[in-house]
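The values are calculated or read from the model by the stated rules, or taken from the named source; none is laboratory data. Remember, predicted model here, so these are calculated numbers, not experimental data. In this analysis, Cβ positions are derived from the backbone assuming ideal geometry, glycine residues included, and neighbour counts consider all displayed protein chains. SASA here: full protein model, heavy atoms, side chains in, ligands and nucleic acids out. Shrake-Rupley method; radii C 1.70, N 1.55, O 1.52, S 1.80 Å.
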There are 2 protein chains.
Amino acid sequence: SEVQVPLGVPCNGLASRPGCVPFPLRPYGVKKPYKEVIDICWGDAHSGGTKPLTFVRQVIAVCIYPELLQETTIAPDVKERARRLLRECPGGSVGKYCVCGIPFVQDGVCEFISKRDGGVPISPLHTGSPVQFVLKLLVHGKGLAQTGVLTPIPCYPTFVMGLTELGAAMVPYYLCEDDGWCLHVEELRRALATSRSHCNPRILYVINPGNPTGHVQSRESIEEVIRFAAEEELFIFADEVYQDMMYAEGSQFVSYKKVLFEMGPQYSNTVELASFHSVSKGIMGECGLRCGYVELVNLDPSVKQSVTSAFNTERNTAVIGQIALNIMVDPPKPGDPSYPTFSQETVEALPGTSFQAGSGGIYAYLRLDLPQKALLQAKEEGTDPDLMYCSRLLEEEGVCLVVGKEHGQQEGTYHIRICIGTTSTRLKEVLRRLKSFHLRFLNEFS
Amino acid sequence: SEVQVPLGVPCNGLASRPGCVPFPLRPYGVKKPYKEVIDICWGDAHSGGTKPLTFVRQVIAVCIYPELLQETTIAPDVKERARRLLRECPGGSVGKYCVCGIPFVQDGVCEFISKRDGGVPISPLHTGSPVQFVLKLLVHGKGLAQTGVLTPIPCYPTFVMGLTELGAAMVPYYLCEDDGWCLHVEELRRALATSRSHCNPRILYVINPGNPTGHVQSRESIEEVIRFAAEEELFIFADEVYQDMMYAEGSQFVSYKKVLFEMGPQYSNTVELASFHSVSKGIMGECGLRCGYVELVNLDPSVKQSVTSAFNTERNTAVIGQIALNIMVDPPKPGDPSYPTFSQETVEALPGTSFQAGSGGIYAYLRLDLPQKALLQAKEEGTDPDLMYCSRLLEEEGVCLVVGKEHGQQEGTYHIRICIGTTSTRLKEVLRRLKSFHLRFLNEFS
């Protein structure tokens, strides 16, 4: 299966290495007015200078190298957690195989969900790298039988690439930019109706808070989506990995699971739902540790069996990721020795309210109103206006961000995505350069 | 895609948890003469009590928690390695995304291969979890066009499960037990000819040293296999993850890559070869860190493009695994402060020569000569003789090992696999219990 790699997925400085797809850069060796390229593309917090949380790293370090249990500089709650986790590893080593995830970690996830959702019942859980994994089990068929996945536009490109790789039909539904990137059920209905002529739409993918839009769904909006999924017998894929990143005033995260159960048995006993969370996002931002979980509600028994078997045969859960997951769902509490540092670090990690456009998540998705002359210039260069804008921004100011084209956008509109999950110093520098460039750009094409 | 989970894949004590496939155990609560069940099934060194290597764990701990750079108890070469690796992580954090692997780690792998193979040229490399990944890109088609994979019997069951999951046709070729589990080319030829009636055989999977057989291929045997692959235009999948585990006297590991290049351009410019290695095995045994590499020789340009794209879009390399890989290919050297400990630990980790049957790898695959009465008893119980033997062994002596049935075996022969990559104390206890049981078993059915 050939995979289409879109432009603009830079490999963190690996542009010249074989096997990596570079952002389209001009030749090397040309002097630039900036000293450093700032890569603000990805939701990769640590690359962007966000510091890891001390408690997370101390617990993992002790699990990796238990001699550290002797260190007097390490707090007792760190040692206690590490000891507890090591007891779950036969041989006392994180170097063991981990087939079904660590039971103690799964129990912690159950408690976390139960607390978050006010005690609604827990459905079967799996830990590891579940999004692509669960999708793979549901996607099949060709032609009219090909599984269709309703996908928001704009969306992050790796999700769409994943669908292509699995042979699913991507069924785009557009989020309404004029209404703050709201999800409108009429648009879902339109997309579904259109898709039936070429595939079998079975999955409804939602991401809340949004990527790249930063939009947070209200309870009413979630109810509407659930009613729609029930009517049309769609499987809801709720990507909720940004649930901890709420920053607009009055904005609150409510899970699909909670809403589903509060809508009564007519829905809570029937609608199929997968809800995802991950250590890569949130206050932790540990993208390199590779772990998350999925909760699977109302799975068809035959699918349930496949999912269970498949998770059992994978054998590939990284134990360090399991440890990070445990801390994500059960962080230090007031009164714990590590709490003061933890609490200070997590406040600093929150991105502030620099952008009013979104109300959650770690991205700002900005619309570019480009002058007519700029559009003509792009046409002449045989490129897209947003790609031209971003290439020039990179060349002239050394700021690398994501071209809206990659997320999908309404015909004739142009966007850029900035990851705001970074330090405020870095973000200020990005905005300074962006402003300087933008004014120059407008001036040139006015 | 429904996955068949064979019996006997125990989930390290998770038998009672939902979502795990238990070894078929009798009811709980029955008193047993042993205090502890010894699980000697898997090549999971640390679960079996093998201690992690100090240098590996110290470097990782420092990378995870760089405050440890201040510790005076940590050796300078550990700190130097950790600093070097952290320089490769933008933001100085192992919590970053790692798309194409870490270039510095890849360079280290290149040097390792070059040194191992006496300087033959290096082909493109990919790091991460490559076996299933590369297979996925090569397997396609249905009916007569279905990709066939020549697979040794006996073989470890997860490989066969992987083939089933990908929709490949498993084409068994039998290793010759009477000739010390040698791979005979006539048997490959027979298997290939037979397979053409139902699939399109394209891949030849070899594992050297063998799992479960422990057999090590000679240079002559490898040359024969390469000539056969060249004639029949087969892609060689050389699973060489046990290359560091050589223990029989006079036995020496030679890589497929080295032999291929020494056979001259007629072969070295044409035969497609993938060679795999992993931190899960060898002296390190870090199964929980999930990292390995594949070197891809003479790939068809169209496949090469797909492989590169697919590795680039995966985004899922765990950074900690990359660090372990770096140490695997570049361990402490004589003169380094960490060398004395490292050298002592690795000598202790070697399993000794308790088994003459194999000459490499970490398994002993033992043949059971079962009395006729035992075969009849199994028939009466509606089970297989080797499964009956292993179930009783587990019940009566608390030793859990792998039933030969799962690896495949010639009709009418019966085997068990023991992982010998464990501590000598543990291994002695296993052999004591096994002997006691075996004599009782023979007595009962004589």
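Rounded to the nearest 20 debye, the dipole size of the protein assembly as shown about its Cα centre is 920 debye, using +1 on the Cβ of Lys and Arg and -1 on the Cβ of Asp and Glu. Since only B:368, B:438, B:335 are under comparison, the one whose Cα sits farthest along the positive direction of the charge dipole of the protein assembly as shown, derived from C-beta charges on Lys, Arg, Asp and Glu, is B:335. Taking 23 Å as the straight-line reach from the Cα of residue A:32, the lysines in range (excluding those fewer than 8 positions away in the same chain) are A:428, A:435. Classify region B:103-329 as rounded, prolate or oblate, taking a ≥ b ≥ c as the square roots of the eigenvalues of its Cα gyration tensor: rounded when a/c is under 1.5, otherwise prolate if a/b is larger than b/c and oblate if not. It comes out rounded by the Cα gyration axes.
Counting from the shortest, the label point at residue B:190, 7 Å from Cα toward Cβ, is 6.6 nm from the same position in each remaining copy. Across the options A:324, A:234, A:134, the greatest Cα extent toward the positive end of the charge dipole of chain A (unit charges at beta carbon of Lys, Arg, Asp, Glu) belongs to A:324. Beta bridges from DSSP with both residues in chain A: antiparallel share about 50 percent, rounded to the nearest 5.
With its label point defined 7 Å out from Cα along the Cα-to-Cβ axis, residue B:36 lies at 5.1 nm from the matching points of the other copies, in increasing order. Per-residue shielding of B:37-46, expressed as the average number of other chain Cβ atoms within 10 Å of the residue Cβ, stands at 3. Relative protection proxy for B:46-52, B:304-310, B:167-173, from highest mean packing down: B:46-52, B:167-173, B:304-310 (other beta-carbon atoms within 10 angstrom). When a/c is below 1.5 the answer is rounded, else prolate if a/b is larger than b/c, else oblate, so apply that to region B:195-325 with a ≥ b ≥ c taken from the square roots of the Cα gyration tensor eigenvalues. Here region B:195-325 falls in the oblate category.
If you run the Gaussian network model on chain A, springs between alpha carbon atoms under 10 Å, then out of A:221, A:197, A:114 the most flexible one is A:197. Buried accessible surface for the A/B chain pair comes to about 5500 Å², total over both chains, computed with a 1.4 Å probe. Of the listed residues A:442, A:188, the order by accessible area with a 1.4 Å probe, largest first, is A:442, A:188. Anyone know which of B:406, B:186, B:177 comes out most mobile in the 10 Å Cα GNM of chain B? Greatest mean-square fluctuation among the candidates belongs to B:186. Indicate the gyration tensor shape class of chain A (rounded, prolate or oblate), computed on the Cα atoms with a ≥ b ≥ c the square roots of the eigenvalues: a/c under 1.5 is rounded; otherwise a/b larger than b/c is prolate and the rest oblate. Verdict is oblate for chain A.
The Rg/Rh ratio of the protein assembly as shown, with Rg taken over Cα atoms and Rh as the Kirkwood radius over Cα pairs, comes to 0.97.
Rounded to two decimals, what ratio of Rg to Rh does region B:87-154 give with C-alpha atoms and a Kirkwood Rh?
Expressed as Rg/Rh, it is 1.12.
Take residue B:396, move 7 Å from Cα toward the beta carbon, and the resulting point lies 8.4 nm from the same point in each other copy, nearest first. Taking every DSSP bridge with both residues inside region A:103-329, close to 35 percent are antiparallel.
Ranked by solvent-accessible area (1.4 Å probe, protein heavy atoms only, all chains present), the residues A:31, B:79, A:405 order from largest to smallest as A:31, A:405, B:79.
What is the Cα convex hull volume of region B:267-337 when expressed per residue in Å³?
128 Å³
Within the same chain, lysines fewer than 8 places from residue B:79 are excluded, and of the rest, those with a Cα less than 19 Å from its Cα are B:333. Peptide A:125-132 has a mean shielding of 1, counted as Cβ atoms of other protein chains within 10 Å of each residue's Cβ. Distance from the Cα centroid of region A:181-237 to that of region B:367-406 is 54 Å (rounded to whole angstrom).
When peptides B:430-439, A:232-241 are ranked by their average number of other Cβ atoms within 10 Å per residue, the highest-first order is A:232-241, B:430-439. Among the lysines, select those whose C-alpha is under 16 Å from the C-alpha of residue A:142, and discard any that sit fewer than 8 residues away in the same chain. Filter leaves B:142. When both bridge partners sit in the protein assembly as shown, DSSP labels roughly 50% of those beta bridges antiparallel.
Heavy atoms of the protein chains alone define the surface here; on that basis region B:103-329 has 34 Å² accessible area per residue at 1.4 Å probe size.
Our helix-only sum for chain A, with -39,500 (n - 2.57) per DSSP H run of n ≥ 4 divided by its residues, gives a mean residue ellipticity at 222 nm of -12000 deg cm²/dmol.
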